[in-house]
Amino acid sequence: MCKRSTNSASGDRSACKTHNVILPVTWAFGNDGGIFAFNAPFEGSVPGAGVHVDNIVGVAADVTTGGYWVVGSNGGIYAFNAPFEGSVPSESIRVNNIVGITGG
């Protein structure tokens with residue numbers, strides 16, 4: 001879990017600080033896996049890793065490392081400063097109906 005911090009100017013306790021990241025953070029992503037970081041760490045992107053796809057459907061934060069996972073509709077997972085535990089295609093399973101991802 002993270003430690004709550006108080007914004008001294010407004011008394012706002014909505015921000016959460018962990019691993020030098022102030023939450024909330026925002027990552028916007030394209031279907032090609034391009035990541036745009038706003039008030040968030042940039043750990044890399046799918047095209048930056050030399051992978052060319054057009055099926056990215058979600059990104060999720062790893063609150064432990066400050067990194068993130070990116071997922072494609074085929075269940076392919078791309079980890080950027082987050083632990084990689086496998087993906088659907090690596091298990092020889094073929095799908096095209098993944099619609100998102102959650103992290104923790």
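The values are calculated or read from the model by the stated rules, or taken from the named source; none is laboratory data. None of the values given here were measured: they were computed from a predicted structure. Here Cβ is always computed from backbone atoms with ideal geometry, including for glycine, and neighbour counts include all displayed protein chains.
Could you list, in sequence order, all residues of the stretch 56-77 that are at pLDDT 95 or above and under 10 Å from Ile98 (Cα atoms)?
Within the stretch 56-77, Ile56, Val57, Val71, Gly72, Ser73, Asn74, Gly75, Gly76 meet the criteria.
Please determine whether any residue of the stretch 85-95 is part of a loop (DSSP other than H, G, I, E, B) and closer than 14 Å to Glu43 by Cβ.
Looking for residues that are part of a loop (DSSP other than H, G, I, E, B) and closer than 14 Å to Glu43 by Cβ, one finds none in the stretch 85-95, hence no.
Tell me, which residue of the stretch 24-36 that is surrounded by fewer than 15 Cβ atoms within 10 Å (Cβ to Cβ) and closer than 21 Å to Thr64 by Cβ is modelled with the highest pLDDT?
Thr26
Yes or no: the stretch 45-52 includes at least one residue that is surrounded by fewer than 17 Cβ atoms within 10 Å (Cβ to Cβ) and of a type in the set (Val, Ile, Thr).
Yes, the stretch 45-52 contains at least one residue that is surrounded by fewer than 17 Cβ atoms within 10 Å (Cβ to Cβ) and of a type in the set (Val, Ile, Thr).
Restricted to the stretch 65-95, and to residues that are among the polar types (S, T, N, Q) and in contact (Cβ under 8 Å) with a residue 40 or more places away in the chain, which residue is farthest from Gly48 (Cα to Cα)?
Applying the filter and picking the extreme gives Thr65.
For Phe36, which of the numbered conditions (1) outside any strand (DSSP E or B); (2) over 18 Å from Gly104 (Cα atoms) fails to hold?
Unmet condition: (1).
Would you tally the residues in the stretch 39-72 being touching a helix residue (DSSP H, G or I) at 6+ places or on another chain (Cβ under 9 Å) and in a strand (DSSP E or B)?
Going through the stretch 39-72 one residue at a time, the tally reaches 1.
If I filter the stretch 73-84 down to residues being assigned to a loop (DSSP other than H, G, I, E, B) and not hydrophobic (A, V, I, L, M, F, W, C), which single residue comes out as surrounded by the fewest Cβ atoms within 10 Å (Cβ to Cβ)?
Pro83
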